[in-house]
Each structure stands twice: as structure tokens, then as C-alpha cells.
1. In this structure, is C:Leu9 more than 7 Å from chain D (Cβ to nearest Cβ) and within 20 Å of E:Leu197 (Cβ to Cβ)?
2. Here are E:Gly144, E:Gly153, E:Gly208: which of them is farther than 21 Å from C:Ala12 by Cα and facing chain D (nearest Cβ under 8 Å)?
3. Quick check on my filter: what residues within the range E:389-411 are assigned to a helix (DSSP H, G or I) and over 17 Å from B:Ala174 (Cβ atoms)?
4. For residues in the range D:1-17 being facing chain C (nearest Cβ under 8 Å) and of a type in the set (S, T, N, Q), which is farthest from D:Leu69 (Cα to Cα)?
5. Looking only at the range E:140-190, which residues are part of a loop (DSSP other than H, G, I, E, B) and among the hydrophobic types (A, V, I, L, M, F, W, C)?
6. Can you tell me how many residues in the range D:149-181 are touching a Cys at 6+ places or on another chain (Cβ under 8 Å) and on the phi > 0 side of the Ramachandran plot?
7. Starting from residues that are within 14 Å of chain E (Cβ to nearest Cβ) and under 18 Å from C:Ile15 (Cβ atoms), keep the ones in the range D:76-103 and report whichever is surrounded by the fewest Cβ atoms within 10 Å (Cβ to Cβ).
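The values are calculated or read from the model by the stated rules, or taken from the named source; none is laboratory data. All figures in this text were calculated on a predicted structure; none of them were measured in a lab. No Cβ is skipped: glycine too gets one built from the backbone with ideal geometry, and neighbour counts run over all protein chains shown.
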Amino acid sequence: MTLAIDAFTILCVCGGLFFFLTGAIALLRFPDTLTRLHALTKADSLGLGLIVLGLLPQCDGFLAAAKLILIWAIAQLGGATLSQLIARIAAIENSKP
Amino acid sequence: MNDAALALSTFAYGPQTLAAALGAPLVLMLACASARLRRFGPAYLVVAPLFALAACVLASDSGPLVLDQMIYPIVLVLDPPGALLLGVTSLLWLAAGIFAASSMRDETESGAFVAFWLATLVGNIGVFMAADVASFYLFFALVSLPAYGLIVAQARMADSAGGLYVSVALLGEAFLILAFALLASATPDHSLLISDGVDALPASPWRDATIGLLIAGFGTKIGLLPLHVWMPSTYRAAPVAAAAVLSGGAVNAGVIGLVRFFPWGHAVPVWGEALVVLGMSAAFYGVAIGLTQRNPKTMLAYSSISQMGLVAATLGAGLVAGNKGAAAGAALYAAHHGLAKGGLFLAVGVLSGCGTLRMRRLTPFVGLLALSLAGLPFSGGVIAKLAIKQPLGDGLLGALSTLSAIATTLLMLHFLRRVAALAEPRVSNPGWALITPMFAMIAASIMAPTAYYFAIENHRLVSLDAALFWESLWPILVGALIAAAARRWLERLPALPEGDVGAFAARPFGLFARGGAAADRGEIILRRWPVAAGALMVVAIMISGMGVLKP
Amino acid sequence: MNAVTLAGLAGAALIGMGLFGLVTHSHILRKIVAFNVIGSGVFLLFGAVARRGAASGLNADPVPQALVITGIVVAFSATALAVALLLRYFKEVGSPFLADDPGAGASQPDHERP
Amino acid sequence: MTLSFGFDLSLAVLTLAVAGYAIGARESFASVVAFISYGVLLALVWVRLSAVDVALTEAAIGSGVTGALLIGAAAKVGEGAVDAPRSVRGAGRLLTALFCIATTLGIATAFLSLPEKAPTLAPLAAEHLPSTGLGNPVTAVLLSYRAIDTLLESVVLVFAVVGVWTFASDRDWGGRPESPGKDRPEQPLTFLGQILPPLGILVGVHLVWTGATEPGGAFQGGTVLAAAWILVMAAGLRKPPSIEGAWLRFALIGGPALFLGVGVAGFALAKAFLAYPEGHSKAFILVIEAALTFSIAIALGLLALGAPGRKGHP
Amino acid sequence: MIASTLSQLSMRAEDALLPVAIALPVGAMLLALCLGGRWTERIAVAFMPIGVSIAGAVAYVVWRDQRPLVYFIGGWAPPLGVAIRADGVAAAMLLTSALIASAAGLFACDVFRVKPGEKENRAHLGFWTLLLAIWAALNCVFVGWDLFSIYVGLEMLTFAAVPLVCLKGQKETFVAAMRYLLFALLGSVLYLLGATLVYAAYGSLDIGILAQKIQPEAAAWIALGAMTAGLLAKTALFPLHIWLPPAHAGAAPPASAILSALVVKGSFFVVVRLWLTLAPVQMSEAPAELLAILGSVAIFAGSVLALRQERLKLMIAYSTVAQIGYLFLMFPLAIGQHPWASAAWSGGALQAISHAFAKAAMFLSAGLIVDVVGHDRLSGLRGLGRLAPQPVLIFALAGMSLMGLPPSGGFNAKWLLMSASVQSGHWALALVMAVGGLLTAAYLYRVIAPALAPAENAPAESASTPTPKASSRGAALSLALALAAILLGFAPPELASLLAVGAPAATIERIE
């Protein structure tokens, strides 16, 4: 049974890593801020979600799991607000001649 | 005369009078700080030296005064040469004080001058009493540094003279502190008493260095040859009263220093001969340059260099033979010189204010005083020459001493002619308050050495002895003859710059300025941040690297 | 070569890097960053020393760790002071670079006699 | 074993690389951003060195508040004139590099030459831990064994605040420091400003409370509270406080003053300065930590805000 | 094992004076900051007598029992806890900094004033809180016996001193303050690096314990090297002095008096602790020679640069650079159990103390001169003796002590150091001291000579525009400081026996 849990964890974490990798490559390759922003937020939130999901069965006890999810929630909140702000500034930058 | 002096000296409160002699001018100096008391300044100048005069009579060789509440105990004691020089110096300070007080009544800004005058007086009195190294150094500093205030008091362009004076004085201080450190370190328990220091000197590992530094340090005070450059410009720039006390009193601080710090019981031929050579060359060099000068005060300065050269030669001869008599003789000679030179400076002050008529009446007295320097019979000079005859002996040094008498006569007559030329028809003649101090000095220069020579040295009354009379007269006659014969030739001598060698001493300052500019450029480079931070790392690496040198 | 010596060497390397940055950059903010890097390097060294001192049940020596916490707070107040001074310096001097020679000497300008 | 060492090695290399970029970056803004990420990586290294307290402090203060401060400064100060001398060139640079390498090698040799059996105070600390009534040895050292260092450190924070305030110009005195955010903050920021601070306060208090037994403590908790306060001001929900406010001044010195008071009371209660009475030390320590946390939060907030700006700032 | 031997040391009631000496100024500073407004000045002035009496009590107890005061903070014995210790020199420095901080503070009552209208102003609050802060920091550094608490004390000193430099708010003072802060921070980070390595090698930060354990090996050398370099940067010894002149000259007179007289002494004192108390003799011989060489270079460079300055306060600041060089001459002389070591130790301490008094008096009198004359150009000081006689007298008295002329404390110190250098055969040091005194006289002469010279312009000029009278309180205070420097020349033997307490040469077993 533990083998299945471990396999599940490894699988999810590798998936998460894969999304982080794509996010990083997107950051380097995409031309302007808006597209980069788009790629980053998507890839990173998904990647982090998968990693947290993968680690949930490993942690000992409900409290630790709740903390992991709390971390994920805060990261999402922060990421969303930040991308909004950067997008607004990028929009102002582009609208200028 | 003997028993009176003896009775006085067993006076119970001897040491306390020493404290009074020092305390009076000190208290009066502090009184100058408050504006209200400063108005009586001129009066202080007269009152202050009186206590010292009393002390030199009452407290001579009575018990020492010890103040041991300090880190170093301060010990004050008055031995015979100290008492003689103290008496003579305080007499001079009294006369000059009266002269300065009267000539200063009109000036409003006298407060600072009085304060500096009293500070120098404290130093001058204390230097004769100090029996331990720390207080000697304190009084020696007090006699040389505040004098700067006296020098620059009036003359506008006195700054350069004052500057030269202070730098040489500080050089002397530096030599002395090194010498005293060596002296004290040689004594077994690092005691600060001069007597212990001198006793331990012959056996000390740094004997030569100590004596050399002592000669250099006190040499700056008595104007030994290479260090005499400050004297001419200082005495010319200083007001007459100040010049009198500096040339007559402050110089004696150097003499008492040499007398106190030399190991008389032990022959030191090397330094003795050096001192003799320096002294004798100064004796003739001073006269040679003096003859070329125009200003009477500068001529008196060169006469001081010459006379002090003679004193140094006497001390040198004493050092070579290791006989104590030389110290007493040199002290007596210096005492007489102090009175005569002080009187002459006061005379210059008086005569420069005289009308032609009054000048003609005063010149003979001034002439008497001037020639007493050359050993005029019936004057103090002959006693002084007699005192140094024994240490110098009859050989080469004796001959040189009589030769210097001739030279001094030559210089003095030239000086008298210059002073006489000063007079112009003037309606107001200087008041009696200026003339009496001069006459007091003339009288003192005759009476004091004689009284001392016979009362203390208890020799028989010999001044009327025909041989001595003739022996001291012929050099003066020869000198007068040469002066008359070579009168025109002397007039045409080129006027050398005042400080003679001193004028060329200014060159190293240029070097100093260039060094300064280089330091500035270095500072600008060092100020750059990377260089400073780099220096910090270098220091860290250097200290940590020291471990590598010795594991 | 275990994790602790690795941390110690990393600390030493950080100190070297930070010193280089502090000395060569003339932009004051870069100097402040470099100073913080040196500080963290020294603390990392102290942390490695703490880890080496693990004994009797504790997996690290608590004393150096407490000192590192104190050090970080002190380093932060130094940075805060430096940044505040930089902002006022920038307002006065106009450039964020450390001037090489502080003018003709910073001292009392001539203000008229009252 | 090699796997965990491999992780450590890669973490160390990554940290050094980011630190190198922070030092060598062309623009100062990029250098500051790199410094913040370096700070977070360093927190990971501290966790690997099993110093969780220090990891928390490094993440919170070392890269968090310091990062906020530096980014604010980088924005205001900018890159400076284009033609200005950026850094030392040529020979000077090489020489400095040599010195720095020598310093690093020196420290490395010193570190490697340390005695095998490392001298440590851990046994002593563990032995006296029960008498302090605390579980976390680091907090025991901070607040009991070496209490003077912590007291002086909190006083240093107050010095720094005074120093920062004196850099204001005279006419600005009594005003408020500039608000970290813009005048009309965007809507999402205000939303974040309403959601996150309550959570921040909760986490901060929790950190202080667990500090007695688990890693945590006054400084870490205080920093989280300060972050919450800065976020509220950035979101425009609260104006920065006027520096003449009596309450602000009292809050600023409250923690250290209480700590000092308890220390002096130690003379009477526990026969030594900064000693706690037998058996009650944990209670005293928690009271001190609570007060300290509040004052540290205020102090860190004020330091992040900087010198007071224009008087009567709207 | 070590802990047990130490805890038997009976902690007497008087030992409690040490923590009180730290706690009270910190408490006063916090209270002053909290109440603000005019209260800061009132609290600071009220604290002054208390601070001086505590320092006096510490000095008295140390002198009476001839034994250093030791106190374990929180009751914890050293290796784990922090000990603070005051030996003779530390007690003397405590008293000196208390007196000078009070005098400078009272002098500042006229300089930093809350104007009638306003409740509080920046410079006023800043000065008074920072004064108390510096006082607390100095007390921590002087009684520190643990390397890390000394580090925190040094940081407190820097954070309180830097804002003091630019309190007046002129442009160049901010440049000077920035350079000072960056250099001091570099110094303290190096010091911390050294402390780390010492702890790594010997497992303790207590100076007493380390003194027994430290051996000349790689870690110890690099640690002491880094710490010394850091401290030299904070003390501004010659090659590392760039930040000092603009910082000390630019600050307000009372501020520069405190900076020059006290702040640089804090880090110097720690260097003395490192090399004369902590490091074993065979380790400290070579570095001591290096420190003396750096000190001699500092004397010459500082004096030559002081001669080149055009402004009075900059000249005094460069004079500080030179006089700091003097302090470092004591190191090669005070090492080991030689007979002259204790003389050199008290000579060095006396030099630090008399320089503190003299330099504080000089900066304060320079402040008075600038108030009267309106500028501080050296060229414009002719005839100053008439306009401002008292400040010139104070300047001259302070100058006497700096030059080492009798009867000043400076002379005593120079005398002790010189006889120690002669006996120990360090001829160069004796020569450096003598020539240093000459150079000091040279650059002070540039101020005193024109001041004494009769002014060219007719006295009428001063009658028309009523020259501002130097504040009598300021003059009285600076005169008191200058007289203190002079009276040290007549210091009673008790001072010598106080300074000898806990001197390394005197104590046989190092721990006590």
C-alpha cells in the first residue's frame, strides 16, 4: 500500500516539476511581459498544486496537511494579485506611444 | 657680612619662602584672568619678583620643600649657585618690571602681556629651585613658551621672530624630555630626583646619549652655536623690558641646567672638549657678526651669544677635568652677565628716548656697564673674569679668554657708538621711573658679584691688588686702541642678515611644504573608497599572515 | 566533505564575493546589498560551526544560532539606517554614487556674523 | 547519503550563483531582486543545517523586510547617471579580486583547520534547559542565558528608528512617513490587504507562542506582524502613523522597557540582573516575548517606512 | 569544569554596579524617546549626575579593593552566560566618558534648543536621545567581557554616532556620515567574522576563558587579524582614517567633541582587550610592533595633514587622527611581564583619558570661536585673543595637554610611555613621541600664534558691530574639561594604582 502512495507522490511531484520547467522556458522565450505573465501564472500555480497534492499523503497528521494547503492558498492569492498589478502596469506601458 | 648671611640661612621657614617665591607670581597671574584685577597689572610686575629676592637670601641651602601629593613628588631646594642666580635674576626681573610698568602705563591692552610676563617669571624662579626632573621640565617649559607672548606683544612683524623662537624652544623641550627619560631610566628605582639621576649618569648605559641631549637641550637656551639663530631676531623684536629679562634671566635657566645635570665628580673628556670648542668659537663668532650689525639690540644679542659661549667653554673645561669649581665660576660669570646685559637693554630703552643733552650725561655710565662685560677693573666684570680664570687655567683657554675680553671691548665700543647715534634733539626725556632701574642694574652689576665672591667664597679683599688691576685693564686698552684705529674699516663692514645662519635655515621649510603637498595628494588617493577598503583588507591579511611567519 | 564543511566553505565564498562587491561598486545600494551578502556569509559560517557542535540530544549548538538571530536583526537595523541615509544622501547630493572626495572638507560654512 | 549530499551541493551552488548575480548584476534593481531570492535560498540552507529558527529569521527579516526596504530604495534611487563610474575597473578590480580570494582562502583554511571534536556549549545549554522551563534551546539562549544580547539588540532597533528619523529634514518633523503604496492603490491590492493581514496576525502570534517549545520566537513573529502592517498601509487602508504620536512612541519602547524592567526586577526577585525567579521563568519569558513582539513589529514597520515625509501628508 | 570554578567567585553587592551602569542609560534613553519634546533634555540632564556618580562608584570600589568588578548577567557563569568586568582602566574610561558626555551635553543646551513655538524638533530630540544612546553603548563596550556583547555594544555605538554626524543637515555632513557608516559596517562585519572563528576554535566567547585556551594556530591568527582590522577601521587608525576628518569636523561642536573624544576610544579599548588581555604573549609580539608602526605613521601623516588644513575644525579632526596614532604606541611596550609593562599600560590609559578631555575641550572651544568669529577659516583668526580671550585660553590649555607639555595629563602619559620605551630599548618609539610632540605644537601654533598677535584692524571695527559674546556656560564647561586635562598632570598616586588594577603585566593568573 505504501508503494502505491509513494508512486502517487513521485508521479504528482514529477508532474508539478514538469509544469514549473515549462513555465521557466516560457519565461525565457516569450516576447513581451503580458505573454510571459500569462505563461508563468498558469504553469506555476498548476505545478505548485500538483506538488502539494503529491505531498499530502506523505505528511503525518491532518494539521501538517492543512498547513500545506494553506501555503498553496496563500501562494495562489499572492500570485493572482501580483499578476493583476503587473498586468495593469504593462497595459499602461503598452498604451504609451 | 658672613655671620649675618649665616644667621639668615638658618631661618626656620626657609622652605616656605620658596613656596612664597613661586606662589606670588602664580597667584598674580591667575588674578589677571578677572578683568577687574587686570587693571592693577603693571603693579603686579613690580611686586612679583620681591618674594623671590627674599627667598634667595632666606632659603639658600635650607631644608628642601617636598610636595608629594602628586603622582611624582615635587622637590624644591636652593643650593649656592641656584641661590646666586635666583637672586640676580629676580633683581633683574624687579628692575625690568619697574621699567615695563612705567613704560606700559599708557597701553590699554596690557592684560595678556602681564599674564605672559608673570608666567615666564614663575618659570624663571622655579627652574633654579627644582630638584626633581618633572618640576624642572615644567619650569623650563614655563620659562620658554609663555615668553612668546612677550616677544610678539608690540612689534607688528614680530611673528617670524616669535615663530623661530618657539620652534627652537620646542626643539629644546624635545631634546630635554628624551634626556630626562634616559636619566630617570638609568637610576635603579627610576627615581625622578636630579641628584640620583646625575649620580647614576656615569654608569648609565646611555651616558653619551644623555649628555649629548642635555647639551643640545640647554644649548638652545644659551644660544650654543648651531642653535643660536633665534636670539638676534627675538631680542630685536621683543620690547626692551622683555628683551632685558630674556637675555639676563631666562638664559640663566640654560646655565643652571648645565650646572645641575652635569656629573661633576666624573670626567667626561669627549663632551667636555666639544663644549669647549663650541663655546670658544661662539665667543668669537658672536663678536665677529655683532660688529657687522646696525641695530644696538641685535648687537647686544650677539654679545650674549659670545658671553654665553665663554660660559659654555668654562663648563666644558670643568667637565674635561671633572672639577666642581667650574660650575660655581660659570654661575658667577653668568650672574654678572645677566645683570650687565639686562642693564644694557634697559639703557638702550632709556637712551633711545633721550635728547642729545641727557644722552651725553648718561653715556659714561652706560659705557662703564658695557665695558664691565670685558672685565673692567673696579666693576663686577673683573670678579667674573677672576671666577672663570681658575677652571680655564693659564694655557690656551686662558689666552683665548683674555682675547675674548679684547673682542668684547671692541664690540661694546661699537655698540656705544651705535647707541649714541640714536639720540636726536627731543624735548621730553624719559622720566626717572625709567632711568632708576638702569642705574639700579649698574650698581647691582658692580656690588652683587663682589659681595657674593667675598661673602660666600671668603677670599681676601684683593681687588685693589696692582697685578690684578693691570691684568684686567690692558685687554680693554688694547681693544679701545683697535676700535679707534679701525673705525672707518668697521663702518664699511657689510650688514649680514639678522639671523646669519638662521636666514638659510628657512630652506628646509620649502622641503617641508613639498612634503606637505605630497601628503595631500596621498590623502586624496587614500580617500577613494576602493583604496581605503583595500587598505583595510591588507591590514587584516598582514596581521593574520603573521601567524605564517612563526607557527 | 560533508554538508557542514560545504556550508562553511559556501560561507567563506559568500564573504569573499560580498567583499568584492562592497569594494568595487560605487553605487551605494550595491554596497548595501554586498554588505548584507557578507553578513549572511558570516552567519552561514557561524551556522556551520553550530551544526558541528551538535551534542547531547540537540542536533546543533543553540548558542551560535541565537547569536546569528541577533546578528541578522542587527544587520537589518544597519541596512535600514544605511537605506534611510542613502535616500537623504540622494536627495542632497543628487547621485546614488559615493562621492570620492567629500568636497573641500565638510565643515562650518561661512554664515554671516549675527 | 550521496543523494542528500547531492541536494546540499546543488542548493549551495545555486545559492552561490544567485548571490554572484546579486553582486555582479548590471542594474541595481536586478541586484536587489536577486538578493531577495538569494535570501529565500539561504533560508533553505539554514533548514538543511537544522537551524529552523534561523531559517525563519533569515526568510522573514533577512530577505523579507530587507528586500522590501531595498526594492523601495532601488525604485527611488534608480541607476544614477549613465556616464557615472559604476565600479572600479582594470587593475584595481583585479587587485581587489585577489584580496577577496585571499580572504576567502584564509577563512576556508581556518574553517578546515578547526579541531575534529568541535568544542560546543550544547551539553551545558541542554543541561540547564529544564531550569528555564523552555523547550526550544535557542529561545532559552536568547532570553535566559544571554538575555543581555537580546535586550541590547531590541534597543539597537530603537536606536535605528531614532537614527532614521533624524535623517528627515527639519520642516518634515512631526509629519508622517510616506505611505509605501501609491495614493490610489489598485483594487486587487486592497483586496489582498483585507484578506492577508488577519491571517498574518494569526501566524505571527502562533509563531511567538510556539517559540517557547518549537522554532519561532519574538523576532520572527514580530516580523510577520510588521509585514501585515506594511501590507495594510500599502493597500491604503491605514495611513502611516505620525511620529509624534504618544501611543506610537510608547509602543516602540514598550517591549525593551518591559524587558529592562523585568531585568532590573531580577535584582530583587532572583538575585541577579536579567535573572528570572525560580519556576516562573517561562511565564516571565512569555510576557517579555509578547511585549517584544509588539515593539519589534512597530520598529520594523517604522524602519521599512523610513524617515517622516511632508508634514500633514493627506 | 570551567563553569564550576567560575561560579564560586563570590558576587559581591558592589558588583551589581556594572549592570546598573548599563541598564540606567538604556532606561533613560527609552524614557526620553517615549516622552519626547522638552522632556528628552530634562531626562538627559537629570541622568547626568546619576551616570557620573555610578561611574565614580565603580572606580572607587575597584580602587578600594584593588580587584576588578565581575558580574554574571542572569546569574549564568561565563561559558554559557555573559560576564561583564571592569578593571582599573575600564573604570577610568567609564568615569571619563561620563564626565565628558555630561559636559558636552550641558554645552549642547544652548546649541540644540526647542524653539518656543514648537513642541519638539528633530535636532533637539535627536541629540539628546543619541547622547544617552552613546553613553549606554560606551558603558557596554568598556565593561564588556564577552566578544559578542562587545560586538552589540560597538554596533550601538555606530548607530548612535552616525546620525550625530549629520544632525545639522548640511550636504557634506551626509556624505561624511555615509562614508562613516559604510566603513564602520565593514569593520563590524570583520569583527563578527573574527568572533565566529574564535568561537569555532575554542567554544567560548568569554575573554577570560579564551585567554587560557588560545594558541597561535591558523584559526586564532585569522580571527584576531580580522577582528583587529575591523576595530582599526572603527578607530580610524591611519590608513583607515578617511571617514573621520569630514565626519568629526562637520558635526556640531558638542557632537564632534563626543565623537572625537569618546566614540573612537570605544573600539580602541577593545583592541587593547584583544592584544593585551586575550592574546598570549608569544602571539601578540609581532602584531604589537605592527600596531606601533601604524601608530607612528598615523602621528606623522596626521600631523602633516593637520598642518595643511585651511579650516580650524578639520585641523582638529586631523589632530585626532594623529593622537590616535599615539594611543597605539603602547602595545609593544605593555606586553609581557617586563618591569616597564605596567608603566606603559597606565601611560597608554592616561594618554587615552587626557586626549579625551583635551580634544573635547578643544572642539568645544573651537565651537565658541566659530560663534564669535562667524567662520572657521584659520587665516581669519588674527587678533582673536582680544575678541574671544576665554576660548583661546581654553584652546591653548587643551593644546598644552595634546603637545605633552607639563603640567598636563598628556605630559604624564608621554613621560610614562617614553621611559617605558627607553627601558625596553624601543628607541624609535621614544623618538616618535618626542617628534610627535613637536609636530603637534606646530599645527596648534597655527591657531594660537595669530590669536595672540595684536590685530591689525583698529579696535574700532569691533566696537561698531557688537561681537557675539561666547556663551559663558559653554566657556565654563570647556574650561572645566581643559583644566581636567591639565589636572591629570597632577593626578594623585591613587589614579596610578587604579589604572594598575587588572593590568595584564600585574596579574599573574590571567583569569582574574
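1. So C:Leu9 does not fit the description; no.
2. The unique qualifying residue is E:Gly153.
3. E:Pro389, E:Gln390, E:Pro391, E:Val392, E:Leu393, E:Ile394, E:Phe395, E:Ala396, E:Leu397, E:Ala398, E:Gly409
4. D:Ser4
5. If the condition is that a residue be part of a loop (DSSP other than H, G, I, E, B) and among the hydrophobic types (A, V, I, L, M, F, W, C), then E:Trp145, E:Cys166, E:Leu167 are the ones that fit.
6. Residues flagged as touching a Cys at 6+ places or on another chain (Cβ under 8 Å) and on the phi > 0 side of the Ramachandran plot within the range D:149-181 amount to 0.
7. Going through the qualifying residues, I end up with D:Ala102.
Residue by residue, here is whether (1) buried (at least 22 other Cβ atoms within 10 Å of the Cβ); (2) within 11 Å of chain E (Cβ to nearest Cβ); (3) not in a loop (DSSP other than H, G, I, E, B) holds:
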| site | (1), (2), (3) |
| --- | --- |
| D:Leu105 | no, yes, yes |
| D:Ala126 | no, yes, yes |
| D:Pro130 | no, no, yes |
| D:Leu143 | yes, yes, yes |
| D:Leu152 | yes, yes, yes |
| D:Val156 | yes, yes, yes |
| D:Val164 | yes, yes, yes |
